[in-house]
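Engineer: Got a structure for you, questions after.
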Amino acid sequence: METKAAIELKNITKTFGSIVANKDVCLKVNRGEILSILGENGSGKTTLMNMISGIYFPDHGQIFIDGKEVVIRSPKDAFNYRIGMIHQHFKLVDVFSAAENIVLGLEEEQKFDINKSAEKVRQISEQYGFDINPNKKIYDMSVSEKQTVEIVKVLYRGADILILDEPTAVLTPQETKKLFKVLRKMRDNGKSIIIITHKLHEVLALSDKVAVLRKGEYIGTVETKNTNEKELTEMMVGKKISLDIERGEPKNPTDRLEVKNINCVNFEGVKLLDNVSFTAKSGEILGIAGIAGSGQRELLESIAGLQKLKEGEILYNNPKTGEVDNLRDKTPIQIRDLGVRLSFVPEDRLGMGLVGNMDIIDNMMLRSYRKGKSLFLNRKKPKGLAEKIIEDLEVVTPNAKTPVRRLSGGNVQKILVGREIASSPSVLMAAYPVRGLDINSSYMIYNLLNKQKENGVAVIFVGEDLDVLVELCDRIMVINSGRITGIVDARNTTKEEIGLLMTKTDSLENQGGEE
Amino acid sequence: MIVAFIQRAVMQGIPLLFGSTGEILTEKSGNLNLGIPGIMYVGGISGVIGAFLYERSAGGNLNPFLAIFIPLICSILGSALMGLIYCFLTVTLRANQNVTGLALTTFGVGIGNFFGGSLIKITGSDLPSINLTKTSNYFKASLPFADDLGWFGKVFLSYSFLAYVAIIVAVIASYFLKRTKKGLNLRSVGESPATADAAGINVNRYKYVSTCVGSVIAGLGGLYYVMDYACGVWSNDGFGDRGWLAVALVIFSIWKPNLSILGSILFGGLLIVHNYIPGLGVSTQEIFQMLPYVVTIIVLVFTSMRKKRENQPPASLGLSYFREER
């Protein structure tokens with residue numbers, strides 16, 4: 001049976017600077033079909049969808065709608081082709097009501113009357129079984145209500161092709177189930193749905209076809225009914241690559257940091273860390289694997305004293321004094337002085353840890369200015385340190401007085417990691433230290449971490465690349481929605497095992513499964 | 001005396017009302033235009049230049065229509081140009097809005113004083129001012145029967161046409177923002193340009209148009225001040241800090257043009273109330289001059305304390321927008 005594709009992409013390529021976000025991606029979705037796009041973080045799923053919805057413009061490639069080639073230059077063009085995207089970060093105006101948000105930007109024939117629009121919103125909601133109040137303000141809404149508004153928004157515009165970017169990331173299992181029901185109803189009404197996700201069980205439960213992306217490249221499309229979790233994981237994480245990172249045996253490891261049953265909730269009461277317990281040993285690299293936003297950041301920040309804990313304790317065996325300190329009672333500065341160092345490389349790189357407009361020397365001083373006794377700053381020592389880091393880590397910079405903002409991402413990271421290492425810590429936490437770095441710089445960072453390990457430092461390494469985690473770490477702890485789903489020995493594990501632990505969830509969500 | 005006080009307060013308030021209505025429209029698009037004082041100044045001097053040239057070329061007999069039309073058009077063009085400069089810098093080139101705005105204020109005042117000084121030199125008069133009484137008389141013309149209606153006529157009907165324009169513009173702006181589709185779109189641009197963009201709204205166009213229209217409206221405030229309040233007498237720096245008061249009035253009226261009508265009269269009253277309280281020394285008078293600012297601060301304190309979302313400034317005020325930013 002030959003059905004015409006509702007939307008088809010051919011060889012779509014998009015680059016940001018030197019980073020290739022999408023390379024030769026081909027996709028095809030028919031009417032009345034749900035396609036999942038599966039991939040790890042940074043595999044280019046969202047970028048791809050942004051090109052369909054007109055936020056970005058592809059460098060190469062063609063887009064066909066109903067068999068005709070189209071050019072989508074702006075979100076408006078996308079509407080005209082009846083494409084609607086529900087973004088992961090909702091695009092809603094907080095101070096507007098639901099109805100106002102829904103009609104925003106629409107050019108309708110009749111006179112603008114918000115009450116009439118609200119009535120139409122109500123009709124659509126009833127048709128698909130949504131439950132929203134059109135006059136409610138967005139800032140009064142829960143996350144799932146906001147998402148409903150987003151969905152109604154694209155339906156109001158008559159979209160036939162719906163793109164949902166990680167719609168379940170923010171939903172509770174019950175809400176997810178409800179959403180899936182609605183999506184199935186839409187599919188049965190002949191709409192095409194593209195859903196971006198990295199949760200395997202959702203893919204299997206909901207979609208008809210799965211397209212897999214890996215590091216911006218298109219791996220392939222499979223029929224959901226002909227596949228299983230194992231095959232998908234393999235497609236997602238790729239075949240094992242040998243990296244050849246030198247890994248020494250841990251030298252007489254002793255317990256350095258004991259984390260016991262810590263719990264942490266955000267201001268909305270959602271659990272960020274759920275009963276997390278583990279031990280970090282000296283002379284060992286403990287890897288932390290998990291999908292971005294699973295609680296890695298909160299975990300590290302708890303240890304560094306930046307996150308308020310609800311329950312639990314963090315015990316630190318001080319190698320100098322032999323005493324045991326509970327880090328929960330200490331201020332971040334006290335914790336730092338104990339030798340627990342955090343180098344966190346956030347998505348925007350400069351967000352935490354370095355000040356973009358200050359030069360390298362001044363950034364070194366951020367850690368040491370308190371030590372000065374006199375009224376004036378002593379620039380000599382930080383200057384020496386800055387120069388040492390520039391030389392040792394081969395930082396490419398005109399000189400130590402260059403504002404950090406002007407350096408390339410890799411060099412910024414070297415400075416950040418270098419500075420934390422320079423203080424000879426006893427616990428070093430490095431989160432995504434190689435994010436966006438080329439191979440050579442990455443290896444330099446790995447070697448740095450290995451050297452710290454040899455010196456008897458307890459290294460905690462949060463990584464994205466499973467290949468690296470498996471090669472570099474001694475033990476790997478997998479975190480999944482704030483819970484530890486397993487701690488494995490990195491020498492006897494496989495990427496697939498970790499991948500499954502990363503995506504494993506309670507069976508609760510699966511109940512909404514196949515109908 | 002109360003009637004006279006109200007009358008004076010309204011006349012003081014009208015330039016502020018023009019300024020704040022213009023600034024509200026601008027800020028609703030997310031542009032924090034601190035160039036408003038400069039733009040009002042330019043609006044004033046442009047009108048003066050137009051009137052000056054027309055008075056000179058026409059000799060003694062002015063055509064009433066042209067006497068109003070020429071300064072008006074000059075003023076509109078002058079302030080629109082200022083708005084355009086601001087937009088080009090902040091929207092197209094994405095320069096910092098605060099710096100650009102403050103630069104425009106300094107620039108506008110400089111331009112005004114330069115041309116003001118030049119015109120004064122051309123007239124060769126001994127006084128450091130330009131006298132455009134004839135033009136001003138046309139601007140000041142009010143309804144002929146206003147005086148016959150006692151206090152009612154004085155309070156409501158005794159003003160010149162620009163004063164009514166100010167109020168009408170404010171009412172229209174209020175209706176536009178609250179009740180029309182375009183107004184909704186404009187507000188969304190100021191609140192969340194990314195949302196507006198994703199909804200298919202041309203963010204840059206909205207920013208340009210609203211900022212330029214806002215500038216024109218604010219510029220009329222400058223024109224009103226010279227032609228009506230100051231009776232057609234331009235003297236350098238005579239405009240004072242009314243521009244800043246207009247910006248303060250925006251906050252006072254929590255970004256609502258219709259509230260700004262009342263606010264402007266209140267501010268006008270506060271500005272001149274010291275003239276009506278007997279026995280005040282020079283120093284106490286100065287303290288009274290601060291009142292509008294004090295009131296603004298109090299309003300700021302209250303609105304931030306109450307945290308009502310609708311009363312907060314547009315969320316992306318002061319930020320530039322670039323679609324492909326990552």
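The values are calculated or read from the model by the stated rules, or taken from the named source; none is laboratory data. Just so it is clear, the structure is predicted and the values come from calculations on it, not from any experiment. No Cβ is skipped: glycine too gets one built from the backbone with ideal geometry, and neighbour counts run over all protein chains shown. When the accessible area is computed, the model is the full protein with side chains, heavy atoms only, and any ligands, DNA or RNA have been set aside. Shrake-Rupley method; radii C 1.70, N 1.55, O 1.52, S 1.80 Å.
Engineer: Would you kindly compute the Cα radius of gyration of the range A:1-115 and its largest Cα-Cα separation (Dmax), both in Å?
Structural biologist: 16.3, 49
Engineer: Continuing with this model, one more query. Quick one: which bits of the range B:280-326 get at least 40 Å² less accessible when the partner protein chains are in, versus the chain alone, with a 1.4 Å probe?
Structural biologist: Checking the loss per residue gives B:Arg309, B:Glu310, B:Arg323, B:Glu324, B:Arg326.
Engineer: Please state the charge dipole magnitude for the range A:170-258, taken about the Cα centre, from unit charges on C-beta atoms (+1 on K and R, -1 on D and E), reported in debye and rounded to the nearest 20.
Structural biologist: Values: 18 positive and 14 negative charges, 108 e Å.
Computed charge dipole of the range A:170-258: roughly 520 debye.
Engineer: For the range A:356-423, list log₁₀ I(q)/I(0) at each q in 0.24 Å⁻¹, using the Debye formula over Cα point scatterers of equal strength and ignoring solvent, two decimals each.
Structural biologist: Summing over Cα pairs of the range A:356-423 leads to -1.02.
Engineer: Still on this structure: How much length, in nm to one decimal, is gained on full extension between A:Asn226 and A:Arg406, taken as 0.36 nm per residue of separation minus their Cα-Cα distance? Before the final figure, lay out each step's value.
Structural biologist: Working: separation 180, 0.36 × 180 = 64.80 nm, distance 4.99 nm.
Full extension from A:Asn226 to A:Arg406 adds 59.8 nm.
Engineer: What FRET efficiency, computed as 1/(1 + (r/R0)^6) with R0 = 45 Å and r the Cβ-Cβ distance, is obtained for B:Glu286 and A:Lys111, rounded to the nearest 0.05?
Structural biologist: Given R0 = 45 Å and the Cβ-Cβ separation, E is 0.30.
Engineer: Taking only protein heavy atoms into account and a 1.4 Å probe, give the accessible area per residue of chain A in Å². Provide the component values of the computation, followed by the final result.
Structural biologist: Working: 23450 Å² over 515 residues.
Averaged over the residues of chain A, the accessible area is 46 Å².
Engineer: Using a 7 Å offset from Cα along Cα-Cβ at A:Lys215, what residues in the range A:13-56 end up with backbone N under 20 Å from the label point?
Structural biologist: Within reach of a label on A:Lys215: A:13-26, A:38-48.
Engineer: With the full set of protein chains in place, find how many percent of the accessible area of the range A:356-423 is carbon and sulfur; take the probe as 1.4 Å.
Structural biologist: Numbers: 2150 of 3990 Å².
Carbon and sulfur atoms account for 54 percent of the accessible area of the range A:356-423.
Engineer: Ok, one more. Could you size up the charge dipole of the range B:2-311 around its Cα centre, putting +1 on the beta carbon of Lys and Arg and -1 on that of Asp and Glu, and report it in debye to the nearest 20? Can you show the working numbers first?
Structural biologist: Details: 21 positive and 13 negative charges, 201 e Å.
Here the size comes out at about 960 debye.
Engineer: If packing is taken as the average count of other Cβ atoms within 10 Å, what order do A:394-400, A:34-40, A:282-288 fall into, highest mean first? Provide the component values of the computation, followed by the final result.
Structural biologist: Details: A:394-400: 15.1, A:34-40: 25.9, A:282-288: 23.7.
Descending mean neighbour count gives A:34-40, A:282-288, A:394-400.
Engineer: Just round it to a whole percent: the fraction of Cα-Cα distances in the range B:1-53 exceeding 18 Å. Spell out each step's value before the answer.
Structural biologist: Details: 692 of 1378 pairs.
Distances greater than 18 Å cover 50 percent of the Cα pairs.
Engineer: I would also like to ask the following. From a point 7 Å beyond the Cα of B:Ala58 in the direction of its Cβ, which residues of the range B:94-137 have a backbone N at a distance under 14 Å?
Structural biologist: Residues B:132-137 fall inside that zone.
Engineer: Where in chain A are the DSSP H helices whose C-alpha atoms run 15 Å or more along the long axis and whose mean Kyte hydropathy is at least 0.0? Please report the intermediate quantities before stating the final value.
Structural biologist: Values: long enough: A:114-128 (21 Å, -1.18); A:143-156 (20 Å, 0.29); A:173-188 (22 Å, -1.31); A:380-392 (18 Å, -1.04); A:409-422 (20 Å, 0.21); A:439-454 (22 Å, -0.69).
Within chain A the helices that satisfy the rule are A:143-156, A:409-422.
Engineer: Ok, one more. Grab the other residues whose beta carbon is less than 15 angstrom from that of B:Ser29, score K and R as +1, D and E as -1, and report the net. Before the final figure, lay out each step's value.
Structural biologist: On the way: positive: B:Lys28, B:Arg94, B:Lys182, B:Arg187, B:Arg205, B:Lys207; negative: B:Glu23, B:Glu27, B:Glu191, B:Asp197.
Charge balance in the 15 Å sphere: +2.
Engineer: Could you check what % of the DSSP bridge pairs in the protein assembly as shown are antiparallel, to the nearest 5?
Structural biologist: Numbers: 48 of 87 bridges.
So the antiparallel bridges amount to about 55 percent of the total.
Engineer: I would also like to ask the following. Could you pull out which residues in the range A:195-216 have an amide N less than 17 Å from a spot 7 Å beyond the Cα of A:Glu496, following the Cα-Cβ vector?
Structural biologist: A:200-201
Engineer: What's the average, rounded to a whole number, of partner chain beta-carbon atoms within 10 Å of each residue's beta-carbon in B:27-33? Each step should come with its number before you reach the end.
Structural biologist: Working: counts 0, 0, 0, 0, 0, 0, 0.
Taking the mean over all residues of the peptide, I get 0.
Engineer: For chain B, treating each Cα as an identical point scatterer without solvent, what Debye log10 I(q)/I(0) comes out at q = 0.08, 0.09, 0.10, 0.16 1/Å?
Structural biologist: With one equal scatterer per Cα and no solvent, log10 I(q)/I(0) is -0.37, -0.47, -0.58, -1.35.
Engineer: Considering the options B:Val273, B:Ala103, B:Ala198, tell which one lies farthest towards the positive end of the dipole of chain B, charges being +1 on Lys and Arg and -1 on Asp and Glu at the Cβ, about the Cα centre.
Structural biologist: B:Ala198
Engineer: Please compare each pair in A:Lys215/A:Lys495; A:Lys146/A:Lys271; A:Lys215/A:Lys401; A:Lys28/A:Lys185; A:Lys68/B:Lys181; A:Lys136/B:Lys178 to a cut-off of 25 Å on the Cα-Cα distance and tell me which ones are over it. All intermediate terms of the calculation are to be shown ahead of the outcome.
Structural biologist: Numbers: A:Lys215/A:Lys495 16 Å; A:Lys146/A:Lys271 20 Å; A:Lys215/A:Lys401 35 Å; A:Lys28/A:Lys185 21 Å; A:Lys68/B:Lys181 33 Å; A:Lys136/B:Lys178 17 Å.
Where the Cα-Cα span goes over 25 Å, the pairs concerned are A:Lys215/A:Lys401; A:Lys68/B:Lys181.
Engineer: Under a Cβ-only charge scheme (Lys and Arg +1, Asp and Glu -1), can you give me the dipole magnitude of chain A about the Cα centre, in debye to the nearest 20? Provide the component values of the computation, followed by the final result.
Structural biologist: Working: 73 positive and 72 negative charges, 295 e Å.
About 1420 debye.
Engineer: Now a separate question. Please report the relative contact order for chain A, taking Cα pairs under 8 Å with a sequence separation of at least 6, and give it as a percent rounded to a whole number.
Structural biologist: Details: 1016 pairs, mean separation 79.3, N = 515.
Reported relative contact order: 15 percent.
Engineer: Restricting to DSSP H runs of at least four residues, report the calculated mean residue ellipticity at 222 nm for the protein assembly as shown, -39500 (n - 2.57) per run over all residues, nearest 500 deg cm²/dmol. Provide the component values of the computation, followed by the final result.
Structural biologist: Details: 29 runs with 383 residues, N = 841.
The helix contribution divided over the protein assembly as shown gives -14500 deg cm²/dmol.
Engineer: Same structure, new question: Any idea what the relative contact order of the range A:356-423 is, in percent, if you count C-alpha pairs under 8 Å spaced at least 6 apart? Working shown, then result.
Structural biologist: On the way: 64 pairs, mean separation 28.2, N = 68.
Value for the range A:356-423: 42 percent.
Engineer: So, in nm, how far is label A:Glu454 from label B:Phe65 when the simple model puts each one 7 Å beyond its Cα toward the Cβ?
Structural biologist: So the two model labels end up 9.3 nm from each other.
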